[in-house]
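The block underneath contains the structure these notes are about, expressed in structure tokens.
The values are calculated or read from the model by the stated rules, or taken from the named source; none is laboratory data. Values in this document were obtained by computation on a predicted structure and should not be read as measured data. Please note: Cβ atoms are built from the backbone with ideal geometry, for glycine as well, and neighbour counts cover all protein chains shown.
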Amino acid sequence: MEDIQRRVGENIRELRKAGGYRQDDFAVRAGINRTHMGMIERGEVNITLASLKIIADALGVTINDLTKGV
């Protein structure tokens, strides 16, 4: 499971950076606590589907984009 969490976190980080967002700014945009966003990107937490949807919407991508390679 941790491998899946890590890969999803890496995908989120890559897409966030590609969008030109700093982590702090993106966390505000998505309405997610900055510390929690860091934990998501490092794969330290088990992210919910609801959070995946929020992040995908904030990035302008699909949930499928966030889970590629998982």
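Among residues belonging to the range 42-54 that are hydrophobic (A, V, I, L, M, F, W, C) and either in a helix (DSSP H, G or I) or in contact with a strand residue (DSSP E or B) (Cβ under 7 Å, 6 or more places away or on another chain) (or both), point out the one that is nearest to R29 (Cα to Cα).
In this case the residue turns out to be I54.
Check N46 against each of (1) exposed (fewer than 15 other Cβ atoms within 10 Å of the Cβ); (2) at pLDDT 95 or above and name the one condition it does not meet.
(2)
Is at least one residue of the range 55-65 loosely packed, with under 15 Cβ neighbours inside 10 Å and either outside any helix (DSSP H, G or I) or of a type in the set (K, R) (or both)?
Taking every residue of the range 55-65 in turn, at least one turns out to be loosely packed, with under 15 Cβ neighbours inside 10 Å and either outside any helix (DSSP H, G or I) or of a type in the set (K, R) (or both).
Say whether the condition of being touching a residue at least 40 places away in the same chain (Cβ under 8 Å) and not basic (K, R) is met by at least one residue in the range 14-27.
yes
When residues of the range 38-51 are filtered for being under 10 Å from the mean Cα position of the chain (by Cα) and within 15 Å of R6 (Cβ to Cβ), how many remain?
Number of matching residues: 7.
Got at least one residue in the range 1-19 being loosely packed, with under 14 Cβ neighbours inside 10 Å, modelled with pLDDT under 95 and in a loop (DSSP other than H, G, I, E, B)?
Yes; the residues of the range 1-19 include at least one that is loosely packed, with under 14 Cβ neighbours inside 10 Å, modelled with pLDDT under 95 and in a loop (DSSP other than H, G, I, E, B).
Do any residues in the range 46-59 that are on the phi > 0 side of the Ramachandran plot and aromatic (F, W, Y) have Cβ atoms under 8 Å from those of residues that are surrounded by fewer than 20 Cβ atoms within 10 Å (Cβ to Cβ) and at pLDDT below 95, where the two are at least six apart or on different chains, and which pairs are they?
Qualifying pairs under 8 Å: none.
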